1. Given the conditions (1) at pLDDT below 95; (2) within 12 Å of ligand 2 (Cβ to nearest atom); (3) in contact with a Lys or Arg (Cβ under 9 Å, 6 or more places away or on another chain), and given that F5 satisfies all but one, which numbered condition is not satisfied?
2. Quick one: in segment 74-111, which of the residues that are in a loop (DSSP other than H, G, I, E, B) and without any contact (Cβ under 8 Å) to a residue 60 or more places away in the chain is nearest to ligand 2 (Cβ to nearest atom)?
3. Given the conditions (1) open to solvent by 60 Å² or more (accessible area, probe 1.4 Å); (2) within 14 Å of ligand 2 (Cβ to nearest atom); (3) under 26 Å from R218 (Cα atoms), report the number of the one that D52 does not fulfil.
4. Given the conditions (1) more than 10 Å from ligand 2 (Cβ to nearest atom); (2) assigned to a helix (DSSP H, G or I), report the number of the one that L60 does not fulfil.
5. Answer yes or no as to whether E340 is under 28 Å from Q58 (Cα atoms), open to solvent by 20 Å² or more (accessible area, probe 1.4 Å), among the charged types (D, E, K, R) and modelled with pLDDT under 95.
6. Taking segment 51-83 as the search range and keeping residues that are under 15 Å from Q19 (Cα atoms) and in contact with a His (Cβ under 7 Å, 6 or more places away or on another chain), which one is farthest from ligand 1 (Cβ to nearest atom)?
7. Could you list all residues from segment 362-411 that are over 19 Å from C329 (Cα atoms), open to solvent by 30 Å² or more (accessible area, probe 1.4 Å) and either in contact with a Ser or Thr (Cβ under 9 Å, 6 or more places away or on another chain) or part of a loop (DSSP other than H, G, I, E, B) (or both)?
Amino acid sequence: MGVSFASLDPCVHCGFCLQACPTYLATGDEADSPRGRIVLMRALERGTIPPDDPALGQHLDACLGCRGCEPVCPSGVGYGRGLEAARALLAESRGIPLLARAILATFRRSWLWQPVFGGARVLRSLGVAGALAGPGRTGFAMAMVAATTPRFPAPRAGRRPSESGPTVALFRGCVMNALFAHVHAATRRTLTANGYRVIDVDGQVCCGALHDHAGDQRGARALAARNLRALAGRADYVAVNSAGCGALLKDYGHLLDSPAAGQFAETVRDVTELLAARGPISGGELEADVAYDAPCHLQHAQRVHEAPLSVLRAIPGLRLRLLPGSDHCCGSAGIYALLEPGLSRQVLDAKLASFRDAEPRPTIVATGNPGCLMQIGGGLRASGLPIAVAHPVELLDRSYAVAGLYGSPAA
Ligand code: SF4
Ligand code: SF4
């Protein structure tokens, strides 16, 4: 499949997208804005800037790929597709940087990433990650691991599954499966409580989003093909509780350029979409000030806005707010935080400031993506702010446990 920059054609260089771009807001440099990057991508396409030009590489590498520039664009520019084409060209000509290659190779093989995350779980359960959390590079990595700690005790008994509801296969993924098993458990319980029959499907692998964003199209397609073989035709829906994975699974038709993959993609839903389609049913009271922070790949890539809010509004007592900048990227962006740590932290700092300065200050930040949970949760811990992070489904699950929906009411 050849690369195409046609999605950038409608750009009229109006600049409406500039204030929606976290990297432009951080650096103030036009070349770090969507409009500036579109000019660079066009020059790359025409060959007036060679792919090994260091400035070109620097400004395109610094893009978060958050697609915050798309919904504000009056001309309907498909920035994400253009970036995908540019990164594929860059990867072809200059190769993928060594650190990124090592990370992507790890995520292609479960026997490599499982021990890495196993080590992180040990650090988490021994309390080492929490004790070493701090502002430096190692401290921040530890803070990110500590942020994956389950918030609530698991309820003891589950609700009996419906015998006639739609079937749902849970997409497990890699980071979610390894560090957020408690969110998977909450996903199974809340879907079941809302009348779905959840099934487990073996043979799944990493979704390939990290590879796709880094320009490793071959790696992304190989993983997508394996997931398609494992999951296609197994259930009415595929439920995803990671916004980044969901966005790519919904795009498998384009990635694999196949009608079968397109049909599969039609069955993919974010877990909050499935829950919102059933109400969801209300739970017990949770007294908490919750700030919802929208993951870029849920709001911009999947265009899912209302469903996570419906999930949180089904929780009596929960005071829900959207703070200024809640629609801006947190700086996580897949492996971006590892490759561009300076800019990633600058982007995160703007978000942390909005939590710190909010009146009243939230007690929990809810967001539906593992990268965002770790980046925001890590940032909050590293800066000593007493604010927790949780997936919206974890909060609904807790509310159901409190209401006694799973058996005797939780304390
Ligand atoms: S991408 Fe859209 S908003 Fe940005 S400069 Fe081009 S036309 Fe204007
Ligand atoms: S994808 Fe995000 S970081 Fe990149 S240009 Fe668009 S708004 Fe800016």
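The values are calculated or read from the model by the stated rules, or taken from the named source; none is laboratory data. The structure presented is a predicted model; accordingly, all values stated were derived computationally and were not measured. No Cβ is skipped: glycine too gets one built from the backbone with ideal geometry, and neighbour counts run over all protein chains shown. Protein only, heavy atoms only, side chains kept; ligands, DNA and RNA dropped before computing areas. Shrake-Rupley method; radii C 1.70, N 1.55, O 1.52, S 1.80 Å.
1. (2)
2. So the first thing to find is which residues in segment 74-111 are in a loop (DSSP other than H, G, I, E, B), and the list is 74-78, 95-97, 109.
Retained after the next criterion (residues that are without any contact (Cβ under 8 Å) to a residue 60 or more places away in the chain): 95, 109.
On the way: G95: 22, R109: 29 Å.
This residue is G95.
3. (2)
4. (1)
5. Details: under 28 Å from Q58 (Cα atoms): yes; open to solvent by 20 Å² or more (accessible area, probe 1.4 Å): yes; among the charged types (D, E, K, R): yes; modelled with pLDDT under 95: yes.
The answer is yes for E340.
6. Going through the qualifying residues, I end up with C66.
7. Quick first cut of segment 362-411, residues over 19 Å from C329 (Cα atoms) only: 363, 384-386, 393-411.
Filter once more, keeping what is open to solvent by 30 Å² or more (accessible area, probe 1.4 Å): 363, 384, 386, 398, 402-403, 405, 407-411.
Once the filter is applied, which keeps residues that are over 19 Å from C329 (Cα atoms), open to solvent by 30 Å² or more (accessible area, probe 1.4 Å) and either in contact with a Ser or Thr (Cβ under 9 Å, 6 or more places away or on another chain) or part of a loop (DSSP other than H, G, I, E, B) (or both), segment 362-411 yields T363, G384, P386, A403, L405, G407, S408, P409, A410, A411.
Residue by residue, here is whether (1) open to solvent by less than 50 Å² (accessible area, probe 1.4 Å); (2) not acidic (D, E) holds:
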{"position": "R37", "(1), (2)": "yes, yes"}
{"position": "R42", "(1), (2)": "yes, yes"}
{"position": "E45", "(1), (2)": "no, no"}
{"position": "L56", "(1), (2)": "yes, yes"}
{"position": "V72", "(1), (2)": "no, yes"}
{"position": "G78", "(1), (2)": "yes, yes"}
{"position": "R81", "(1), (2)": "no, yes"}
